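Reviewing the structure listed below.
The values are calculated or read from the model by the stated rules, or taken from the named source; none is laboratory data. In this text the structure is predicted, and so the values were computed from the model without any measurement. All Cβ positions, glycine included, derive from the backbone under ideal geometry; neighbour counts span all protein chains shown. These accessible areas exclude ligands, DNA and RNA; they are computed on the full protein's heavy atoms, side chains included. Shrake-Rupley method; radii C 1.70, N 1.55, O 1.52, S 1.80 Å.
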Amino acid sequence: MKSLIVTRPGRKVRLSSIDTGDDAGLGDKEAARAQLTGDLERLRALQHLLYADNRYALLVVLQAMDTGGKDGTIRHVMSGFNPAGCQVTSFKVPSDEERAHDYLWRVHRAVPPRGVIGVFNRSYYEDVLIVRVHNLVPRDAWELRYRQINEFERMLVENGVAVLKFFLHISKKEQEKRLNVRLNDRTKNWKFSEGDLFERKRWSEYQEAYQDAIDRCTTRWAPWHVVPADRKWARDCVVARVMRKKLESMGLRYPKPLSKSDRARIKIR
Ligand code: AMP
Ligand code: MG
């Protein structure tokens with residue numbers, strides 16, 4: 001897979017120069033399906049191991065413009081997991097109670113416990129995205145958040161929570177197509193929100209905010225993955241492959257079994 005676009009500290013990835021229709025070197029849908037099937041099978045085994053090992057958690061952060069495919073990615077990539085070992089949290093407009101606390105309050109409690117894979121459908125990054133684009137807090141306040149987010153993620157990683165961040169990158173044209181489908185397909189109309197058109201008008205401001213979030217919150221411990229996402233099958237394959245690689249790199253193992261002599265001593269009647 002040639003185009004896993006991973007940001008690295010000090011290396012700028014320009015969103016505007018990434019081809020959102022890139023096929024990630026997969027060729028076609030069939031090849032992608034074959035790769036995804038293999039990766040999902042492996043992920044299933046790795047999830048089991050993560051659960052048994054019980055030292056680490058995996059946090060997957062999904063960010064995208066509206067219609068960018070966060071829900072679809074969750075449906076496809078998480079489909080094979082044991083529900084007992086994974087959890088999905090969707091971050092919406094904060095409630096009154098949430099707003100009364102610091103912006104990370106609702107986030108920290110949603111971080112997966114050891115052994116569990118947690119997916120954030122939107123995240124604390126909204127606090128430097130929609131919040132910045134709509135001036136929901138003063139600039140002085142959101143400016144500090146990039147550093148705070150880096151420190152928060154560092155704390156998580158140092159405490160055994162691996163953090164994978166994905167920006168599902170679609171083009172404005174692709175969003176138009178998908179919004180039209182939502183408007184006209186009766187099985188998808190429930191997802192259509194006129195508010196999305198309002199956000200769409202600020203497309204370039206969002207791209208700038210995403211660019212900044214990616215540049216400023218790319219760290220050794222939690223880099224961003226920019227995923228070309230106009231093709232859903234390429235998107236799913238990239239996310240699954242990155243998750244697989246991450247879990248494979250964590251040195252997961254089953255806890256040490258009882259010794260042979262202990263096993264011989266124990267009688268199950
Ligand atoms: P959806 O993902 O379509 O259910 O929409 C959720 C909405 O909540 C999106 O418009 C987000 O931008 C918005 N949202 C999520 N987090 C925040 C936040 N911290 N502050 C303001 N709006 C948010
Ligand atoms: Mg929406």
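Over all alpha-carbon pairs of the chain, lay out the pair-distance distribution in 10 Å bins, whole %, shortest bin first.
It works out to 6, 27, 35, 21, 6, 3, 2, 0, in whole percents.
Restricting attention to the stretch 194-269, which chymotrypsin sites (Phe, Trp or Tyr not before Pro) occupy a DSSP loop and are surrounded by at most 16 other Cβ atoms within 10 Å? Don't jump to the answer; show the numbers that get you there.
Values: sites: F198, W203, Y206, Y210, W221, W224, W233; in loops: W221.
Sparse-neighbourhood loop chymotrypsin sites (Phe, Trp or Tyr not before Pro): W221.
Can you tell me the accessible area per residue over the stretch 1-131, all protein chains present, probe 1.4 angstrom, in square angstrom?
48 Å²
Ignoring ligands, DNA and RNA, what percent of the accessible area of the chain is carbon or sulfur (1.4 Å)? If you can, show how the numbers build up before the last one.
Values: 7270 of 14290 Å².
Ligands and nucleic acids excluded, carbon and sulfur reach 51 percent.
Rounded if a/c is under 1.5, else prolate if a/b is larger than b/c, else oblate: which is the stretch 58-132, with a ≥ b ≥ c the root eigenvalues of its Cα gyration tensor?
Values: a/c = 2.55, a/b = 1.36, b/c = 1.88.
Cα axes put the stretch 58-132 in the oblate bin.
Note down the nm distance, to one decimal, between modelled labels 7 Å out along Cα→Cβ at D71 and at N189.
With each label placed 7 Å out from Cα toward Cβ, I get 1.5 nm.
Counting only heavy atoms of the protein chains, get the accessible area per residue of the stretch 165-269 (1.4 Å probe) and round it to a whole Å² value.
Details: 6240 Å² over 105 residues.
Ligands and nucleic acids excluded, the figure is 59 Å² per residue.
Report the Stokes-Einstein translational diffusion coefficient (µm² s⁻¹, integer) for the stretch 1-102, Rh taken as the Kirkwood radius over Cα pairs, at 20 °C with viscosity 1.002 mPa s. Before the final figure, lay out each step's value.
Numbers: Rh = 17.0 Å.
Taking Rh from Cα pairs, D becomes 126 µm²/s.
Can you tell me the 0 to 90 degree angle between the C-alpha axis of helix 232-248 and the longest principal axis of the chain, rounded to 10?
40 degrees
Filter K92/K245; K70/K92; K201/K232; K12/K173; K12/K177 down to the pairs with a C-alpha to C-alpha distance above 21 Å, please. Spell out each step's value before the answer.
Working: K92/K245 30 Å; K70/K92 13 Å; K201/K232 24 Å; K12/K173 24 Å; K12/K177 29 Å.
As for pairs spanning more than 21 Å Cα to Cα, those are K92/K245; K201/K232; K12/K173; K12/K177.
Report, in degrees rounded to the nearest 10, the 0 to 90 angle that the Cα long axis of helix 203-216 makes with the longest principal axis of the chain.
Roughly 40 degrees, rounded to the nearest 10.
What's the local net charge at W142, with K and R +1, D and E -1, over the other residues with C-beta under 9 Å away?
On the way: positive: R132, R139, R145; negative: D127, D140, E143.
With Lys, Arg at +1 and Asp, Glu at -1, the neighbours total 0.
Quote the charge dipole size of the chain about the Cα centre in Debye, to the nearest 20; the model charges only the Cβ of Lys and Arg (+1) and of Asp and Glu (-1).
Computed about the Cα centre, the dipole is about 1240 debye.
Quick one: Cα centre-to-centre distance for the stretch 111-176 and the stretch 13-35, in angstrom?
Centre-to-centre distance over Cα atoms comes out at 24 Å.
Would you compute, from DSSP H runs of 4+ residues alone, the mean residue ellipticity of the chain at 222 nm, taking -39500 (n - 2.57) per run and dividing by the full residue count, rounded to the nearest 500?
Numbers: 11 runs with 122 residues, N = 269.
Calculated at 222 nm, the ellipticity per residue is -14000 deg cm²/dmol.
Return the Rg/Rh value of the stretch 167-269, two decimal places, where both radii are evaluated on C-alpha atoms and Rh is the Kirkwood radius.
Numbers: Rg = 23.3 Å, Rh = 18.2 Å.
Across the stretch 167-269, the Cα-based Rg/Rh ratio is 1.28.
D28 to H48: extension gain in nm, 0.36 nm per residue of separation minus the Cα-Cα distance? Kindly include the intermediate steps, with their values, before the conclusion.
Values: separation 20, 0.36 × 20 = 7.20 nm, distance 3.05 nm.
Once the chain is fully extended between D28 and H48, it gains 4.2 nm.
Compute the angle between helix 172-184 and the longest alpha-carbon principal axis of the chain, please, reported from 0 to 90 degrees and rounded to the nearest 10.
Once rounded, the angle reads 90 degrees.
Take every DSSP beta bridge with both residues inside the chain and express the antiparallel ones as a percent of the total, to the nearest 5.
Working: 3 of 26 bridges.
If I count the DSSP bridges inside the chain, around 10 percent turn out antiparallel.
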